[in-house]
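Read the structure below first, then the notes.
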Amino acid sequence: MNARNAPQPVAITGLGMITPAGADTAATWREVCRGTATAAVDPALADLPVSLSCRVRAPLERPVMRRKGVKNLDPVTRFALNAADEALDDSGLDPIGWQPDRVAVVTGTGAGGSHTVTRGHEVLAAEGPRAVSPYHLPASLINMTSAFLSLYFTARGPSFTVSTACASGADALGLAQDLLAADRCDIALVCGAEAGITPISVASFAQIKALSAESDPRLASRPFDRDRNGFVIAEGACVLVLERPRDAAARGARIRALLLGHASTNDAHHATAPHPDGLGAETALRQAIHRAGLTAADITHVNAHGTSTPANDRIEACLLTQVLPHHPVVTSSKGALGHALGAAGTIEAALTVLALEEHRVPPTAGTRDLDPECGIDLVLGTPRAHPGNYAVSNSFGFGGHNSVVVLAAP
């Protein structure tokens, strides 16, 4: 890749999130660093083969939540709005003062308005078509989270939805970097959001043996553990504010980290299983590092996809040891937060930003006995000091989607 085609680094100037660990970024980071699982028995799933989930329990109390019409939106969009409100505050940007035509919104989500779809089918079956809510379509369509972020924050630039399963949030970051490089916007609100804890979703994941069969919530999600047996489904949202570094510096913004590079590939192998040799994921990791202008030896930290499923963790660990043989420090936040599907990529990218910022890597909750086949330097027990400046965050999804982002300290 020549210098002309290399992507330009972009500044991350704002973070906002709402997760099973808390109502905002600080609360989530604090709980992830404690290394405790947020999984719990979910009464709504009592009649299903798997009854554990990681739900958002904190109230959504940001000012935007008081705006007209928000109560009619699906939880996936309410999560996104709440996170975006915090991210904008963190960035120091005020929509009243920006050029709305130069602000883009890119959202990654796997399913969109899952709760609205579920409720709509229930009403249709029980009461007939005239009882279906007129808010059903605006709340359920997969593009509407981006649309409502644009609406409530007056962002009139490009507004896209990326849906590549569990790689969606990371791919949204990559698309936003490209939009900034192409001068199609000056600011990008990048959101990953998911509210997919519904009976049909959980039943479907259970049917393909993707979910943990553990009854103890503390041990259900245990990435790279010898006895791992599946993930715990989660929900939440995270928003990162992206700008060109020169624009951020000109307005005196704090640059929390830099997004240096991104790569996306597809296994073209199987609908739900990763390639057994991790070929697509390996290509994405190598390409992302190259596009960031780095070498493999520069990477000192990996926020792994680390779902706690037997095949994914083994394959990911093998590709990490192959591409990064110097054994950078690895963690998986899914031990604490569960798997937030399309939102996971942005949540984990934000946690990687915080790891670079605070020079410490959180432990992998739930994991007690590292699988000897996973020859990685996994952080366990307590956070570990990390003086490095470059990190990668991996996201892999059903359909063979692989997405890797490379982040750096400013």
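Taken together, the values in this text are just the output of simple stated rules run on the coordinates, not laboratory data. It should be emphasised that the depicted structure is a prediction, and the values quoted were computed from it without experimental measurement. Here Cβ is always computed from backbone atoms with ideal geometry, including for glycine, and neighbour counts include all displayed protein chains.
Before moving on, here are some points about what is shown:
- Viscosity 1.567 mPa s, 4 °C: Kirkwood-radius Stokes-Einstein D of region 128-238 over Cα pairs, µm²/s: 76 µm²/s
- Square roots of five times the Cα gyration tensor eigenvalues for region 25-173, Å: 27, 23, 15
- Bridges between two residues of the chain, per DSSP, are antiparallel at a rate of about 65%.
- Vicinal HN-Hα couplings computed from phi for region 329-343 (Karplus, 6.51 cos²θ - 1.76 cosθ + 1.60; Hz; Gly/Pro x): 6, 10, 9, 10, 6, 5, x, 8, 9, x, 9, 8, 6, x, 8
- Cα centre as origin, Lys/Arg/Asp/Glu Cβ charges: the chain dipole, Debye: 680 debye
- Rounded to whole Å, the principal axis extents of the Cα atoms in region 307-410 read 34, 29, 26, largest first.
- Using 0.36 nm per residue and subtracting the Cα-Cα separation, the extra length available between D183 and R130 on full extension is 14.4 nm.
- Per the Debye calculation on region 227-270 with a single equal scatterer at every Cα and no solvent contribution, log₁₀ I(q)/I(0) for q = 0.22 Å⁻¹ amounts to -0.93.
- Length-normalised contact order of the chain in % [C-alpha pairs under 8 Å, at least 6 apart]: 24 percent
- For q = 0.18 Å⁻¹, Debye-computed log10 I/I(0) when each Cα of region 346-385 counts as one equal scatterer: -0.57
- Computed helical MRE - 222 nm, the chain, DSSP H runs ≥ 4 contributing -39500 (n - 2.57), nearest 500: -10000 deg cm²/dmol
- Region 221-365, dipole about Cα centre (Lys/Arg Cβ +1, Asp/Glu Cβ -1), debye to the nearest 20: 340 debye
- The chain - Debye-derived log10 I(q)/I(0), Cα point model, q = 0.06, 0.14 Å⁻¹: -0.21, -1.20
- Placing dummy labels 7 Å off each Cα toward the beta-carbon, the span from A297 to H327 is 1.8 nm.
- Based on Cα atoms of region 282-346, Rg over Rh with Rh as the Kirkwood radius reads 0.97.
- Note on region 10-250: with charges restricted to the Cβ of Lys and Arg (+1) and Asp and Glu (-1), its dipole about the Cα centre is near 240 debye.
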